[in-house]
Amino acid sequence: MAAGGPAAMNDDDKGGLRAALGGLTTRGRSFLAAGIAAAVCAYVLGQGDLLRVGLLLAALPLVCVTVLFRTRYRVAGTRRLSPSRVPAGTEARVHLRMENVSRLPTGLLMLQDRVPYVLGPRPRFVLDRVEAGGRREVSYRVRSDLRGRYPLGPLQLRLSDPFGMCELTRSFSAYDTLVVIPRTEPLPPVRLAGEASGYGEGRQRALALAGEDDVIPRGYRHGDDLRRVHWRSTARYGELMVRREEQPQRARCTVLLDTRRIAYRGTGPDSAFEWAVSGAASALVHMLERGFAVRLLTDDGSSVPGEGGIAGSTHESADSAGLMMDTLAVVDHSDGGGLSRAYDVLRGGNQGLLVAFFGDLDEEQAAVAARMRQRSGGAVAFVLDSDTWVQGESHDAAVAGAEERLRLLREAGWTAVLVKPGADLAELWQLAGQQSAVTQSALSGGVTGGTTGFTGGWS
């Protein structure tokens, strides 16, 4: 996939010939200084031969600067990222292609691409003489263990004269962006408790607005089956009307990510916050693979895609998946102190399954999270205790406080799981499915075989 297009070299030279003089190499400056010194000595001593030598030494670097400054290479460059979106810790390859579009061959060129330091050392390539109409292709690899958006470019060419007296740098104007998304982990197919409209097996049925059957008539559109013509409505409205029937609505899921700064301690790729971001990304991918319409919600009320919107069609889900992963690539701590804004978004209606990744919860925020369960068909919470992530084994008081928060969530109907340092999300996801199956079995009166629900996948 092409990530960059042809770019023409920038020939403004940043101030003209005066700026070109700044490109003198150590050799060029030495020749110029020696020539000036020789000319001064020749004038003082009255030596004509020494004056001619001094003028030659001083003129050589100046001539090289002038010739190199007047050189106009017409070079086009293309950068291609493969791929342009990669998980953290995964390599991406950058392909560079240079093409000489002028009628004159180029001299020796040094190609350099500007990359952030987190992606590795700055790549440099030496290109031999490129004939008229010729092209050269080179490539290099980049990798980052930190998610984010990293600019690549602009591409630079360093020109040098045959004597090595002067070097000038010409820059392309185009640059590209590498998106490093969080790591994702494949999750096992489990059945979570909470039979509700719009998720799991309790899916709603809604009106189709683009050609499916419905009991409500609509205007005829090209391609509609004539057998669906509703003659009574046609006679009433004076235009051809067709019937619509019901179509199943996609199951819905909201992934809530707690980004409060006060809810996490520690930084770095192995911190609790990065685990929560990676867990949210894994849950998004897992639910999308199983046909759910998914949205990402943060504690400050920001919703992707759109405010309160959930993608409906498969095409929309593909676009939304990329948008949500791009959002998680740059998500950072929020300065908010509570979860009330996220609750306000959720209270607008039943949004199916709710999967939440919480940091530290005090008693007040645990109560707000408990009320979120009332607005969803089913709710699963992964709660991270930052003390254990920073200090290893936490104090008994901290453990007791975390267990108390889990108890409040479970009493409100959540399937709550405590996340410890180095925990495997796939195992915790399986554990959540088992807890959901036990809860569902208990609510149904302990029906035999109730615990077998989590062994199958979502349909």
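Evaluating 6.51 cos²θ - 1.76 cosθ + 1.60 at θ = phi - 60° for every residue in region 162-177, the Karplus couplings come out as x, 8, x, 7, 9, 9, 10, 10, 10, 10, 7, 9, 8, 9, 10, 10 Hz, glycine and proline recorded as x.
Can you check what the net charge comes to around residue 240, using other residues whose Cβ is under 11 Å from the Cβ of residue 240 (Lys, Arg +1; Asp, Glu -1)? Please report the intermediate quantities before stating the final value.
On the way: positive: 218, 221, 228; negative: 224, 239.
Result for the neighbourhood of residue 240: +1.
Taking a Cβ cut-off of under 13 Å around residue 261, the surrounding Lys, Arg, Asp and Glu residues balance to a net charge of -4, with basic ones at +1 and acidic ones at -1.
Phi angles across region 374-383 convert, under the Karplus curve 6.51 cos²θ - 1.76 cosθ + 1.60 with θ = phi - 60°, into 3J(HN,Hα) values of 5, 9, 9, x, x, 9, 10, 10, 10, 9 Hz, Gly and Pro given as x.
Between the listed residues 107, 50, 65, the Cα displaced farthest toward the positive end of the dipole of region 45-118, a dipole computed from Cβ unit charges relative to the Cα centre, is found at 107.
Rounding to the nearest 20 debye, state how big the charge dipole of region 58-110 is about its Cα centre with +1 on each Lys and Arg Cβ and -1 on each Asp and Glu Cβ. Working shown, then result.
On the way: 9 positive and 2 negative charges, 45 e Å.
For this selection, approximately 220 debye.
Working note: Karplus 6.51/-1.76/1.60 with θ = phi - 60° gives region 320-327 the couplings 5, 4, x, 5, 5, 5, 5, 5 Hz, where Gly and Pro are set to x.
One decimal place: the segment residue 158-residue 371 gains 70.4 nm when fully extended, by the rule 0.36 nm per residue minus the C-alpha distance.
Amide H contacts under 5 Å for residue 415: 379, 380, 381, restricted to partners 5 or more places along the chain or on a different chain, H placed in the peptide plane at 1.01 Å from N.
For region 264-307, just say rounded, prolate or oblate: build the C-alpha gyration tensor, square-root its eigenvalues into a ≥ b ≥ c, call rounded for a/c under 1.5, and beyond that prolate if a/b exceeds b/c, oblate if not. Let's see the in-between values first.
Numbers: a/c = 4.18, a/b = 1.51, b/c = 2.76.
Cα axes put region 264-307 in the oblate bin.
Remark: the residue 112-residue 222 segment gains 34.0 nm on full extension, using 0.36 nm per residue and subtracting the alpha carbon distance. Relative to the current alpha-carbon distance between residue 323 and residue 261, full extension at 0.36 nm per residue lengthens the span by 20.0 nm. Computed from the C-beta positions of residue 404 and residue 290 and an R0 of 30 Å, the FRET efficiency is 0.35 to the nearest 0.05.
Can you classify region 40-87 as rounded, prolate or oblate using the Cα gyration tensor, where a ≥ b ≥ c are the square roots of its eigenvalues, rounded means a/c under 1.5, and otherwise it's prolate if a/b beats b/c and oblate if not? Prolate, because a/c is 1.5 or more and a/b exceeds b/c.
With a cut-off of 12 Å between beta carbons, the residues surrounding residue 373 carry a summed charge of +3, where Lys and Arg count +1 and Asp and Glu -1. Classify region 36-147 as rounded, prolate or oblate from the Cα gyration tensor: take a ≥ b ≥ c as the square roots of its eigenvalues, call it rounded if a/c is under 1.5, otherwise prolate when a/b beats b/c and oblate if not. It comes out oblate by the Cα gyration axes.
Values in this text are rule-based calculations from the coordinates and carry no lab data. Just so we're clear, the structure is a prediction, and the values are computed from it rather than from any experiment. Note that each Cβ is placed from the backbone with ideal geometry, even for glycine, and that neighbours are counted across all protein chains shown.
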